[in-house]
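As structure tokens, the structure follows; a few thoughts come after it.
The values are calculated or read from the model by the stated rules, or taken from the named source; none is laboratory data. Because the structure is a prediction, the values reported are computed rather than measured. No Cβ is skipped: glycine too gets one built from the backbone with ideal geometry, and neighbour counts run over all protein chains shown.
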Amino acid sequence: MADITWGLATSHVPSIGAAMDHGKTADDYWKPLFDGYAPAREWMAGHTPDVAVVIYNDHANSLGLDMVPTFAVGTAESYDVADEGWGPRPVPSVQGAPELSEHLVRELLDDHFDIATVHRLDVDHGLTVPLSVYNPEPGDSWPCAVVPVLTNVIQYPQPTAARCLEFGRALGRAIRSFPQDTNVAVFGTGGMSHQLAGARAGLINEEFDRWFLEKIQHDPAALAALTREDYVRHAGTEGIELIMWLIMRGALSDGIRRVHDTYHVPASNTAAALALFAEPGVDGEVPS
């Protein structure tokens with residue numbers, strides 16, 4: 001049977017990927033962010049999964065805005081890196097895990113979640129930046145296969161936070177029922193607080209972000225109780241991406257251990273954070 005061993009919540013700001021791609025991680029602007037990632041990266045390098053289930057949102061680079069499924073699962077053998085207007089990122093294509101993907105679609109449908117299946121998909125920074133946060137030097141291939149799980153956070157009405165937490169719980173059940181011995185990590189991506197347009201463009205709410213980071217481990221129900229409007233009010237129009245962290249959290253068990261977290265303002269015009277959680281029984285402490 002498959003086993004979930006750890007979960008990662010991380011911002012997917014495109015400029016984080018650009019900083020890595022262009023060798024700027026040691027620049028004064030970027031160094032504090034990447035120094036904060038270092039302990040988590042070292043721990044994750046010692047706990048390589050067979051498959052990463054990555055919850056993210058397409059930014060109208062592959063699916064466009066003509067069709068925006070609430071929840072979708074990629075089922076392809078592989079996923080090319082999307083051209084987001086300045087050429088694809090210089091990172092490897094993503095290897096899929098189609099047998100696990102098809103199992104998840106079936107199990108989630110049977111668990112009363114109506115899932116769209118995506119058989120052909122180019123993956124944008126929403127997925128590739130978290131993979132780079134996890135592994136900054138993949139070489140010719142990423143160290144694990146990937147199941148993309150797409151969530152609508154860009155077009156109203158987005159799924160509620162409560163629905164996302166329940167979806168995560170269903171996703172966790174579906175992963176654990178996969179009959180093959182497979183080690184799985186679950187990524188929740190996006191956030192933290194930021195707004196890209198309108199009168200509040202540039203909004204960052206550190207107080208809310210730190211409250212969210214504290215609650216997600218032991219009290220995700222408090223985060224699930226917030227409405228869409230609450231998320232937009234406190235975290236900005238793009239800060240509603242945080243509901244994808246709740247999907248990751250729902251997939252994990254109640255007894256998770258916080259391995260490491262870090263928070264940095266700003267990464268571009270975004271509050272960026274990382275939180276890494278290990279399931280009970282997964283050994284290894286974060287390096288000091």
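Output the number of residues of the stretch 229-288 satisfying the condition of being over 16 Å from the mean Cα position of the chain (by Cα) and of a type in the set (Asp, Glu).
Adding up the residues that qualify gives 6.
Restricting to the stretch 31-70, name every residue that is surrounded by 15 or more Cβ atoms within 10 Å (Cβ to Cβ), out of contact with any strand residue (DSSP E or B) (no Cβ under 8 Å at 6 or more places or on another chain) and either in a loop (DSSP other than H, G, I, E, B) or β-branched (Val, Ile, Thr) (or both). Show your work before the answer.
Of the stretch 31-70, the ones surrounded by 15 or more Cβ atoms within 10 Å (Cβ to Cβ) are 33-34, 36-37, 39-41, 43-44, 47, 49-59, 61-63, 68-70.
Remaining after also requiring out of contact with any strand residue (DSSP E or B) (no Cβ under 8 Å at 6 or more places or on another chain): 34, 41, 59, 68.
Across the stretch 31-70, the qualifying residues are His59, Val68.
Identify the residue in the stretch 250-288 that is polar (S, T, N, Q) and touching a helix residue (DSSP H, G or I) at 6+ places or on another chain (Cβ under 6 Å) and, among all such residues, is modelled with the lowest pLDDT. So that I can check it myself, show each step before the final result.
The first filter runs over the stretch 250-288 and keeps only residues polar (S, T, N, Q), leaving 253, 262, 268-270, 288.
Imposing the further condition that a residue be touching a helix residue (DSSP H, G or I) at 6+ places or on another chain (Cβ under 6 Å) reduces the set to 262, 268.
Numbers: Thr262: 98, Ser268: 93.
So the residue we want is Ser268.
Only one residue in Ala116, Ala162, Ala97 is among the aliphatic types (A, V, I, L, M) and buried (at least 20 other Cβ atoms within 10 Å of the Cβ). Which one? So that I can check it myself, show each step before the final result.
Details: Ala116 fails: buried (at least 20 other Cβ atoms within 10 Å of the Cβ); Ala162 fails: buried (at least 20 other Cβ atoms within 10 Å of the Cβ).
None of the other options fit; the residue is Ala97.
What are the residues in the stretch 178-211 that are touching a residue at least 60 places away in the same chain (Cβ under 8 Å), charged (D, E, K, R) and farther than 11 Å from Val265 by Cβ, if any?
Listed by number, the list holds a single entry, Asp181.
Filtering the stretch 190-209 down to residues that are under 20 Å from the mean Cα position of the chain (by Cα) and among the aliphatic types (A, V, I, L, M), which residue is surrounded by the fewest Cβ atoms within 10 Å (Cβ to Cβ)?
Taking the candidates together, the pick is Leu196.
Please verify whether the stretch 135-144 includes one or more residues that are of a type outside the set (Lys, Arg) and buried (at least 23 other Cβ atoms within 10 Å of the Cβ).
The first filter runs over the stretch 135-144 and keeps only residues of a type outside the set (Lys, Arg), leaving 135-144.
From the residues that got through so far, the ones that are buried (at least 23 other Cβ atoms within 10 Å of the Cβ) too are none.
No.
Which one is farthest from Gly198 (Cα to Cα), of the residues in the stretch 250-268 that are outside any strand (DSSP E or B) and out of contact with any Leu (no Cβ under 7 Å at 6 or more places or on another chain)? Please lay out each step first, then the result.
Kept after step one, since they are outside any strand (DSSP E or B), are these residues of the stretch 250-268: 250-256, 268.
Those left that are additionally out of contact with any Leu (no Cβ under 7 Å at 6 or more places or on another chain): 252-256, 268.
Details: Leu252: 36, Ser253: 39, Asp254: 39, Gly255: 41, Ile256: 38, Ser268: 17 Å.
The selected residue is Gly255.
Among the residues that make up the stretch 59-79, is at least one of them of a type in the set (Phe, Trp, Tyr) and within 26 Å of Thr262 (Cα to Cα)?
So far as the stretch 59-79 goes, no, none of its residues is of a type in the set (Phe, Trp, Tyr) and within 26 Å of Thr262 (Cα to Cα).
Select from the stretch 231-249 the residues that are farther than 24 Å from Ala185 by Cα and in a helix (DSSP H, G or I) and list them in ascending order.
The initial filter retains those residues of the stretch 231-249 that are farther than 24 Å from Ala185 by Cα, namely 231-238.
Residues satisfying the conditions are Tyr231, Val232, Arg233, His234, Ala235.
Could you grab me the full set of residues in the stretch 222-261 that are hydroxyl-bearing (Ser, Thr, Tyr) and farther than 20 Å from Tyr56 by Cα? Walk me through how you get there before you give the answer.
Restricting attention to the stretch 222-261, the residues satisfying the condition of being hydroxyl-bearing (Ser, Thr, Tyr) are 227, 231, 237, 253.
Scanning the stretch 222-261 gives a single hit, Ser253.
Mind listing just one residue for me: the one in the stretch 162-175 that is within 15 Å of the chain's Cα centre (by Cα) and among the aliphatic types (A, V, I, L, M) and, of those, farthest from Val232 (Cα to Cα)? Before you say what the answer is, go through the steps one by one.
Here is the first cut: in the stretch 162-175, the ones within 15 Å of the chain's Cα centre (by Cα) are 164-165, 167-168, 171-172.
With among the aliphatic types (A, V, I, L, M) added as a condition, the list becomes 165, 171.
Details: Leu165: 18, Leu171: 25 Å.
Ranking the qualifying residues of the stretch 162-175, first place goes to Leu171.
Tell me whether the stretch 3-21 contains one or more residues that are more than 15 Å from Thr189 (Cβ to Cβ), part of a loop (DSSP other than H, G, I, E, B) and out of contact with any Pro (no Cβ under 6 Å at 6 or more places or on another chain).
no
Of the residues Phe178, Phe187, Phe167, Phe212, which single one is surrounded by 17 or more Cβ atoms within 10 Å (Cβ to Cβ) and over 27 Å from Ala97 (Cα atoms)? Break it down stepwise before answering.
On the way: Phe178 fails: over 27 Å from Ala97 (Cα atoms); Phe187 fails: over 27 Å from Ala97 (Cα atoms); Phe167 fails: over 27 Å from Ala97 (Cα atoms).
Answer to the selection: Phe212.
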